[in-house]
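My questions will all concern the structure given below.
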Amino acid sequence: MMVIFYWILFVFIISSSALFILMGIDKSKAKKRQWRVPEKRLWILALAGGACGGAAGIKVFRHKTNYFRFCIGWPIIAVIQLLGLFALMWFYFP
């Protein structure tokens, strides 16, 4: 039963790391005026558990700061995801 929590935590860490890295790649490509990472892909990763990495990427890379939906949306999603993760911890580790 506790294996489920570890899988969710694994997905959370991997998707957050992937979104953080993609934000850095997208910022680099934007500066060079090259191919960009589609916003749909960024949102899918954020909703799949990577919103914390996306929110960190916004701050670290100063990327997507002019877009309200990213600057407000991802931190809100990140808080919801963290609350869900803590609720699972509370359930599995009372």
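The values are calculated or read from the model by the stated rules, or taken from the named source; none is laboratory data. Given the structure is predicted, the values throughout are model-derived calculations rather than measurements. When we count neighbours, we look across all protein chains shown, and the Cβ atoms used for this are built from the backbone with ideal geometry, even at glycine. Surface areas here come from the heavy atoms of the whole protein model, side chains and all, with no ligands, DNA or RNA. Shrake-Rupley method; radii C 1.70, N 1.55, O 1.52, S 1.80 Å.
Right, Val60: within 21 Å of Phe91 (Cβ to Cβ) and among the hydrophobic types (A, V, I, L, M, F, W, C) or not?
No, not satisfied.
I need a count of the residues in segment 78-90 that are without any contact (Cβ under 8 Å) to a residue 60 or more places away in the chain, of a type in the set (A, V, I, L, M, F, W, C) and either within 19 Å of Phe10 (Cβ to Cβ) or open to solvent by 90 Å² or more (accessible area, probe 1.4 Å) (or both).
7
Considering each of Ala87, Ala55 in turn, give the residue that is small (Gly, Ala, Ser), more than 13 Å from the chain's Cα centre (by Cα) and at pLDDT below 95.
Step by step, each of Ala87, Ala55 is checked, and only Ala87 is small (Gly, Ala, Ser), more than 13 Å from the chain's Cα centre (by Cα) and at pLDDT below 95.
Right, another one. Return the total of residues in segment 23-69 being open to solvent by 50 Å² or more (accessible area, probe 1.4 Å), without any contact (Cβ under 8 Å) to a residue 40 or more places away in the chain and of a type in the set (Val, Ile, Thr).
3
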